[in-house]
Structures are given as C-alpha cells and as structure tokens.
1. Mind giving me the nanometre distance, one decimal, between the label points for I91 and I143, set 7 Å out from Cα along Cα→Cβ?
2. Considering only protein heavy atoms and a 1.4 Å probe, what is the carbon-and-sulfur percentage of the accessible area of region 273-429?
3. Only Cα pairs under 8 Å and at least 6 apart count here; give the relative contact order of the chain as a rounded whole percent.
4. Which shape class applies to region 349-429: rounded if a/c is under 1.5, otherwise prolate when a/b exceeds b/c and oblate if not, where a ≥ b ≥ c are the square roots of the Cα gyration tensor eigenvalues?
5. From the backbone phi of region 195-204, what are the Karplus-calculated ³J(HN,Hα) couplings (6.51 cos²θ - 1.76 cosθ + 1.60, θ = phi - 60°) in whole Hz, Gly and Pro given as x?
6. Give, to the nearest whole percent, the P(r) tail of region 103-199 beyond 19 angstrom, counting all Cα pairs.
7. Which distance in Å, rounded to a whole number, links the C-alpha centroids of region 308-340 and region 254-270?
8. Rounded to the nearest 10 Å², what accessible area does C148 show when all protein chains are kept and the probe is 1.4 Å?
Amino acid sequence: MSTVVITGTQWGDEGKGKIVDYLAQQAETVVRYQGGSNAGHTVAVKGEEYKLRLLPSGILYKGTHNVIANGVAVDPEVMLQEMDAMEKRGIDVSGIRLSDRAHVVMPYHRVMDGIGDEARGKEKIGTTKRGIGPCYMDRDDRIGIRVCDLLDKEEFAKKLKANLAKKNKEMQALYGHEPLKYEDIYEQYLGYAERIRPYVCDTITLLNEEIASDRRILFEGAQATMLDIDYGTYPYVTASHPVSGGVTVGAGVAPRKIDKVVGVVKAYCTRVGEGPFPTEQLNEIGDKIRDAGHEYGTVTGRPRRTGWLDACVVRYAGILSGIDYMAITRLDILDSFDEIRMCTGYKYKGEVLPGMPASLKVLAEVEPVYETFPGWKTDISGIRDYDALPENAKKYLERMAETTGIAVGIVSVGPNRDQTIVLAKDIFK
Ligand code: GDP
Ligand code: IMO
Ligand code: MG
C-alpha cells in the first residue's frame, strides 16, 4: 500500500499542481477528492503550461489513472472542455475515471453563486462563481443530482424538473432573475451525459482494489486548510474539506489506508477573495511580492492579496492533516528580498495564543509575532541540491521546520518539473 495525500496548507495556490505533477512521475493513480472547477492548478512541463481545474494533475503522464472521486462537485461542461483542450495538445485522456456518486454542477448553481455572492454586498465571500457552494448545498439538502442520475434519462428528467421549479422561484423572488428553461438544460446535459458515460465508474471499488494491489496513489487536494468549511476562516471559506481527512469521505478510502501526507507551503502567503489574513502586507512589500510572484488568480485573474509566511497557519494545517512533510514552493520568488519575515506566533491582548482562533474578530485583531531573516540575494532557480542553497535560505527553511514541527520534504525553486529539490526519499514507499 502506498498512498500519499497532497494538501494545501494556506489559502490555496501554493503550487499543489506542480508538486502533484512532480510526484506523479512515481504514481499510477491521481485522485481529486473535493472541490471542483473553483480550483486552478498550473503545471509547467518543458516550457508548456497546463491549467487544470477539474482534471487531476496526473493527466500529463500516459497510462496514469486520473480519478475524479465522489467528493468532487463536477461541472460536466468544464470537464469536457478541459478534456478536449488536453486532447488537442496531444494528451491522452483515456485514463480518466469519474465517480458515479459525484454531484453535478448545474447552470442554476453557477447563477446562484454569482448573484448570491454579489447580493451579500459588503459581506461577500468573493467566490469563484463556479457554482461549487450551491452544488454542495443541494447535496446537503438531499436534492442534488449525481452523475448516476444524469446518466439515467428518466431519473434526470424527474430531478431536473423538481429542482428547476424550486430554483427558478428562488432566483426570481430573491434576485429578479429570468427563469431558466427546462428543455435547454435537459438537452444540453443529456449531451454531456453521453460524452462522459465511458469514463464513469464506481471509483470506490476501483480505488480500494488499487490500494489492495499496492498501486501508488496520490490524492490531490484543491483549495487549502484555511479555506476548509470547518477549519478555515468561516464564513470566508469554500464549501468542502481540503484537509487530508477530506480524502476519507471524498474518495471512500479509510483513514488507515493513508500512508503519508505532504502539505504544500508557499514560501510566503497569498489569498484571493475576502476574509482575514493576519500577515497581509498592504504596502510596498506586498506589491513587491505580487510583482515578483506574478500573483494573479488562475481561475478569475484577480490580483492575489500578499503577505509574509504565517507559520501559525502551517502549524495548524500540520495538526489538522497530520502532515509528514512540507513541500515548500516558490522559494525563488524571495531571491531579491533584503529581508524576509515569518510570523511564528499570534499575540492577542498581550498573550500568545495557543491555537488558531475561531472568532474572526479575534483573528482580525491578533498581532503577528515576526522573526526577521536576512535575504540570500542569489538566484536559486538553478539549484538542484539542498546543500548548494545559500546559507540564509537554509536558515529560513530550518526555522520553518522548527517552528511548525514539520520536516521539509521538498523544496521547489521554479515552476518546472526539474526545479525541485527532494530531501525526503520515502514519500512513496
Ligand atoms: P495550486 O492551485 O496550489 O496548484 O497553485 P497555482 O497553480 O494556482 O499557483 C502556483 C503557481 O506557481 C503556478 O503558476 C505554478 O506554475 C507556479 N509554481 C509552482 N511552484 C513554483 C516554484 O517553486 N517557483 C515558481 N517561481 N513558481 C512555482
Ligand atoms: P486552488 O485549488 C485560492 C477561494 C475563493 C473564495 C473562497 C470561496 O487553486 O488552490 P468558492 O468558489 O470555492 O466558493 O470560493 O475560496 N478559493 C480559492 N482560492 N485557490 C483556490 O483553489 C480556491 N478555490 C476557492 O477565492 O475566497
Ligand atoms: Mg490555484
């Protein structure tokens, strides 16, 4: 058995796609277990860039199984568009498997996500408007349409009719939105159904058989710990469980079947959308990080909010997900800084807090305790050996490991596959 979970430790966009793609060299199966097309994972290979939203980042390896498990909110339109785009670029998509239990994102989910979030006014979350929250809401309301329902014409017609009647009423009453037409959606989605049918299967049986036959499996988290519906900065979160525990319910894999957890940590912090961000730098340092790192969203193109690394957040992610190793990405973005800071504690009313506060009011008022490190002022993007890193870079990494209690397993110094330094040789058994 050899299963590894890759999870985001901060507010997303840590470079999970890059780390999954790198480790997928050794994996036979890559699995998305939560979220949906709100994710934007970028993989760079030989000067080519691939932006993935729903398809697992193992797609670039021929023969790999790429599983979209039951916990994913699947927009079939996005899935098919991505598959077509991949095929055009010569990528084999025959290894895709889609869970028959996954919930389907419908047009009314996208509409309600967009106008619903805007209608919150000042309280808006700043969602990606991909319909992910409303799709999970229907699942929890027990009216959701699953992939198995979509493939069954009668069942689909029945559920769509009932849901659309309700949604049209809600959209009209709450937002004055024009009703959506049943026939249009029915025809469109039946077309999607026929195209996705060959890829649909019982992924629970598939994955558990693969685990029993010792295949190497990677679980690819989307979003991140601080966006988790329960553990993140609620309500400024996504609607799923990016933490490693999300794998058990999102892919039907028991906790004891998980061998290792790798937490992806960006060497500084970013956030898209609203919500508290204790180490945010609303100043020239933040601008410098944004410029150096080209920090603009993959999905929405929004400028990302930027700030120093928050070790309190990484420590919290380590506890919640049982992280064995950190994969530290984008260290090269800090190459030109004279000084680098890291928050190692939160002070509130003069006391250092023992954990992550639940109250957003408290989180908004915490005073980050910073440690300052001299920069290395060296281009590290060509370095492939940990020992060859500048001493000041190593000091920064070593302090990160010490203060979070998590070992450094991987250091990434550029977007490409080869710009990766691996310290942990036992990520896969
Ligand atoms: P994800 O959502 O966690 O997969 O991250 P994104 O793909 O949204 O954002 C990470 C960005 O950083 C992508 O453009 C990656 O190609 C890029 N990237 C990943 N690792 C590194 C790194 O070590 N250095 C640099 N410069 N870029 C990286
Ligand atoms: P990856 O996988 C960064 C953010 C949105 C918003 C909040 C809720 O690329 O790291 P949603 O559409 O999920 O209901 O939006 O979560 N968000 C992300 N931020 N990276 C992501 O994914 C994100 N997915 C959602 O900006 O604040
Ligand atoms: Mg992203």
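The values are calculated or read from the model by the stated rules, or taken from the named source; none is laboratory data. As the structure is a computational prediction, the values presented were derived from the model and not from experiment. Cβ coordinates were reconstructed from backbone atoms using ideal geometry, including for glycine residues, and neighbour counts include every protein chain displayed. Note: areas computed on protein heavy atoms with side chains; ligands, DNA, RNA excluded. Shrake-Rupley method; radii C 1.70, N 1.55, O 1.52, S 1.80 Å.
1. Result: 3.6 nm between the two label points.
2. Numbers: 3580 of 7140 Å².
The value for region 273-429 is 50 percent carbon and sulfur by accessible area.
3. 20 percent
4. Note, shape of region 349-429 comes out prolate.
5. The phi angles translate into 6, 8, 3, x, 9, 7, 7, 7, 6, 5 Hz.
6. Cα-Cα pairs of region 103-199 separated by over 19 Å account for 42 percent.
7. Their Cα centres are 12 Å away from one another.
8. For C148, solvent-accessible area is about 50 Å².
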